[in-house]
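A short write-up of the structure that comes next.
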Amino acid sequence: MSSPVSYLPAHQQKRQLPEQKAVPGVKHLIAVASGKGGVGKSTTTTNLALALASQGARVGVLDADLYGPSQPRMLGLKGMPESPDGKFLEPMIGHGIQTMSIGFLVDDESPIIWRGPMITQALTRLVYETRWDNLDYLIVDMPPGTGDIHLTMAQRMPVSGAVIVTTPQDIALLDARKGLRMFEKVNIPVLGIIENMSTHVCSECGHEEPIFGEGGARKMAQEAGTELLGALPLDIRIRTGSDSGQPVMTSEPDGALAVTYGLIAERIRQEIEALSCSRQGSENTGPDVPRIVME
Ligand SMILES: Nc1ncnc2c1ncn2[C@@H]1O[C@H](COP(=O)(O)OP(=O)(O)OP(=O)(O)O)[C@@H](O)[C@H]1O
Ligand SMILES: [Mg+2]
């Protein structure tokens, strides 16, 4: 006789989601995301990582954009990571930042054509099979949108907080709001919003103009009850720096742009510290795996 089938009540079903597992060698995972593509997530990831490192933290970058990895180019890295034991990969080091990207493992020219489960597996391996060395922060450069990679991060990895990057255009703000809500839904704290390409600074005369609009990111932060962490102008030095593997944080470490990245990095550190304290205070309710609700 077959045994009766039992169904779990809804409030218990979340236990069947994959458990979150700490990432060895990493204290805090911080996701850098947006809704829209091309707003400057990767550039911001690289410069923030360098800003945190310049403040004395041990920092790594994980390139989670498996379809369009940018970090090897932005951090000026080439070649393949080593794997002395044939299982774990040593991160590549660019400007002192421990870095892992699918871009080191596949050829630049071949498109990556993977279905959802393959993406989940590849991301999980990049995160857990890299030998991160005692990192305070692993900054994760997310792809655009809210797809499989986001769900995998949210369900399986203990993300301490997310930073949302947006430009001031209405369309980018709209998508950024979606990105922000996704993190809220999966219980990942949003640390704040960074407005990128906030104003255009003329490289000839220094005149500053808000070509993509003004005040949108601040308003969005207020509405969402989060902070505007800072604003970066549309500046040719940021573009040439990321394209040439010499991010502006390294080429002009004392310049005004580096100061802005530094202030944002400081606020992120403070937020993470505050969150860790409040979490320690309220610990012991057992693992709370976020429930993903598809609407
Ligand atoms: N503040 C800025 N000033 C000038 N150029 C910038 C700035 N921020 C980013 N860029 C440039 O804009 C382009 C897109 O930036 P980036 O690749 O960082 O965006 P992204 O959001 O990661 O894109 P994707 O969604 O494709 O991953 C790059 O060429 C980059 O150098
Ligand atoms: Mg990118």
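Quick one: count up the residues across the range 61-94 that are of a type outside the set (S, T, Y) and away from ligand 1 (no atom under 16 Å from the Cβ). Spell out the reasoning first.
Applying the first criterion (of a type outside the set (S, T, Y)) to the range 61-94 yields 61-66, 68-69, 71-82, 84-94.
With the extra rule that they be away from ligand 1 (no atom under 16 Å from the Cβ), the set shrinks to 78-82, 84-93.
So the count comes out to 15.
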Within the range 195-220, the residues that are of a type in the set (A, V, I, L, M) and either more than 20 Å from L174 (Cα to Cα) or modelled with pLDDT of 90 or more (or both) are M197, V201
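Looking at the range 239-249, which of the residues that are in a helix (DSSP H, G or I) and surrounded by fewer than 21 Cβ atoms within 10 Å (Cβ to Cβ) is nearest to ligand 1 (Cβ to nearest atom)? Show your work before the answer.
So in the range 239-249, the residues in a helix (DSSP H, G or I) come out as 239-244, 248-249.
Right, trim to surrounded by fewer than 21 Cβ atoms within 10 Å (Cβ to Cβ) and you get 239-240, 243-244.
Working: R239: 4, T240: 8, D243: 6, S244: 10 Å.
For the range 239-249, the residue satisfying everything is R239.
Filter the range 121-166 for residues that are closer than 12 Å to A33 by Cα and among the β-branched types (V, I, T); which is surrounded by the fewest Cβ atoms within 10 Å (Cβ to Cβ)? Lay out the reasoning, then the answer.
Just the residues of the range 121-166 that are closer than 12 Å to A33 by Cα, to begin with: 139-147, 149-150, 153, 161-166.
Next cut, among the β-branched types (V, I, T) only: 139-140, 146, 149, 163-166.
On the way: I139: 28, V140: 26, T146: 20, I149: 23, V163: 28, I164: 30, V165: 29, T166: 30.
So the residue we want is T146.
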In the range 127-144, anything over 16 Å from I93 (Cβ atoms) and either within 16 Å of ligand 1 (Cβ to nearest atom) or assigned to a loop (DSSP other than H, G, I, E, B) (or both) is listed as E129, V140, D141, M142, P143, P144
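Please find, among V5, V23, the residue that is out of contact with any Gly (no Cβ under 6 Å at 6 or more places or on another chain) and either modelled with pLDDT under 90 or within 16 Å of ligand 1 (Cβ to nearest atom) (or both). So that I can check it myself, show each step before the final result.
Numbers: V23 fails: either modelled with pLDDT under 90 or within 16 Å of ligand 1 (Cβ to nearest atom) (or both).
Answer to the check: V5.
Conditions (1) touching a helix residue (DSSP H, G or I) at 6+ places or on another chain (Cβ under 6 Å); (2) within 16 Å of ligand 2 (Cβ to nearest atom); (3) in contact (Cβ under 8 Å) with a residue 40 or more places away in the chain, marked per residue:
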site: L174; (1), (2), (3): no, no, yes
site: G192; (1), (2), (3): no, no, yes
site: T199; (1), (2), (3): no, no, no
site: R237; (1), (2), (3): yes, no, no
site: A258; (1), (2), (3): yes, no, yes
(1) within 28 Å of D148 (Cβ to Cβ); (2) modelled with pLDDT under 90; (3) not basic (K, R) all hold for N284 apart from (1)
**G56 more than 10 Å from ligand 1 (Cβ to nearest atom), of a type in the set (G, A, S), out of contact with any Gly (no Cβ under 8 Å at 6 or more places or on another chain) and modelled with pLDDT of 95 or more** = yes
Exception for T99 within (1) within 16 Å of ligand 1 (Cβ to nearest atom); (2) surrounded by fewer than 14 Cβ atoms within 10 Å (Cβ to Cβ) falls at (2)
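Considering only the range 37-53, state which residues are among the aliphatic types (A, V, I, L, M) and either touching a residue at least 60 places away in the same chain (Cβ under 8 Å) or within 10 Å of ligand 1 (Cβ to nearest atom) (or both). Give the steps one after another, and end with the answer.
Quick first cut of the range 37-53, residues among the aliphatic types (A, V, I, L, M) only: 39, 48-53.
Result: V39, L48, A49, L50, A51, L52.
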Counting only strands (runs of 3 or more DSSP E) entirely within the range 45-111, those with at least 1 residues that are closer than 17 Å to I30 by Cα are 59-63, 97-101
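The values are calculated or read from the model by the stated rules, or taken from the named source; none is laboratory data. From a predicted model like this one, the values you see are computed outputs, not experimental measurements. Cβ coordinates were reconstructed from backbone atoms using ideal geometry, including for glycine residues, and neighbour counts include every protein chain displayed.
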